[in-house]
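First the structure, in the form of structure tokens, and then the observations on it.
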């Protein structure tokens with residue numbers, strides 16, 4: 001007798017090898033597509049982060065530079081108006097096709113102070129000022145400690161040497177008499193005002209009747225190589241160590257890194273140098289300018305060019321039509337002064353240009369009826 005087939009004796013249901021291969025292939029294609037989209041999105045995201053970082057670096061640099069340019073010379077007596085700014089054009093930092101500019105500024109940029117000197121002997125560490133002078137300002141005694149000041153000779157004196165000193169403390173009697181500044185011995189190290197103004201007058205009487213004020217000597221400069229001659233990495237704020245493309249502000253001898261990813265820093269100046277009541281046009285800093293001509297500088301134009309640290313790879317082999325964003329552009333009114341690059345290097349660039357009017361002598365900082 002034949003036993004009839006039952007459902008349990010039928011072939012067990014399942015996937016064939018062909019079905020498994022087809023399903024695996026479809027899943028692999030989906031995973032690879034997702035990974036490709038993720039990698040592409042991640043690459044674009046990283047590059048956009050680089051662009052954002054460069055934009056922030058360039059904008060922050062321009063903010064600080066233009067702010068201090070507008071305040072250059074503020075609070076200085078008219079007789080010292082030639083010493084509020086000094087520039088350097090195309091500073092050579094070694095084998096590099098980018099030659100950045102440098103500018104040095106001086107003025108009472110941060111805190112106002114303008115006090116008459118009663119007696120000072122030049123090399124002394126004690127300076128007497130007129131009674132009740134401290135009472136013109138709401139600074140407590142401890143505020144003056146470690147502040148930098150400029151000691152200016154009497155405007156009627158023929159001496160044009162100023163002392164940059166560091167305050168240790170101030171002393172005075174109750175009520176505002178016998179008021180004095182006490183200084184550290186020697187001039188402030190590493191602080192050099194524009195125009196070579198730093199020094200000491202030959203006669204100790206030159207400072208009697210002069211002025212003492214807080215001072216900010218600021219210098220903006222670009223470190224191309226990260227191994228600037230004469231500076232030591234880790235000393236006075238200098239990064240060094242081969243990290244180039246850093247824009248610095250050297251404030252009273254201390255180096256403050258403002259921004260990374262800066263490729264070029266260029267400056268031009270405009271003023272009535274020939275004293276004909278007309279602006280002469282934009283020029284780089286001229287070493288032939290006299291002190292009288294420097295005093296007539298009225299405007300400063302600044303270019304800050306940022307560059308991404310890595311080249312873009314998310315674009316095709318042919319760069320987009322805005323080729324200037326992937327190649328260093330020509331800066332300044334004279335292309336020979338800051339030439340552009342000859343070939344595309346696929347680095348994205350951000351360029352800011354700004355013009356600042358120097359207010360210096362026209363700005364009344366102190367509301368005391370003085371310059």
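At q = 0.16, 0.17, 0.19 Å⁻¹, what is the base-10 log of I(q)/I(0) for the stretch 115-214 according to the Debye formula with one equal point scatterer per Cα and no solvent? Please give it to two decimals. Here the Debye-derived log intensity ratios amount to -0.63, -0.71, -0.88.
Give, as ranges by residue number, the residues of the stretch 289-306 whose backbone N falls under 13 Å from the point 7 Å along Cα→Cβ of residue 355. Taking a point 7 Å out along Cα→Cβ of residue 355, the residues of the stretch 289-306 whose backbone N falls under 13 Å are 298-302.
For the chain, what does -39500 (n - 2.57) per DSSP helix run (n ≥ 4), summed and divided by total residues, give at 222 nm, in deg cm²/dmol to the nearest 500? Could the numbers behind the result be given before it?
Working: 2 runs with 59 residues, N = 371.
Helix-only estimate at 222 nm: -5500 deg cm²/dmol.
When you count the other C-beta atoms within 10 angstrom of each residue and take the mean per peptide, 344-351, 237-244 line up highest first as 344-351, 237-244. Ranked by the mean number of other Cβ atoms within 10 Å per residue, highest first, peptides 20-29, 298-307 order as 298-307, 20-29.
At a 10 angstrom cut-off on C-beta neighbours, averaged per residue, how do the peptides 170-183, 204-217, 108-121 rank from highest to lowest?
Details: 170-183: 14.6, 204-217: 21.2, 108-121: 18.3.
Peptide ranking by packing, descending: 204-217, 108-121, 170-183.
Bear in mind that the values in this text are calculations on the coordinates, not laboratory data. All values derive from a computational prediction rather than experimental measurement. Neighbour counts run over all protein chains shown; Cβ positions are idealised from the backbone, glycine included.
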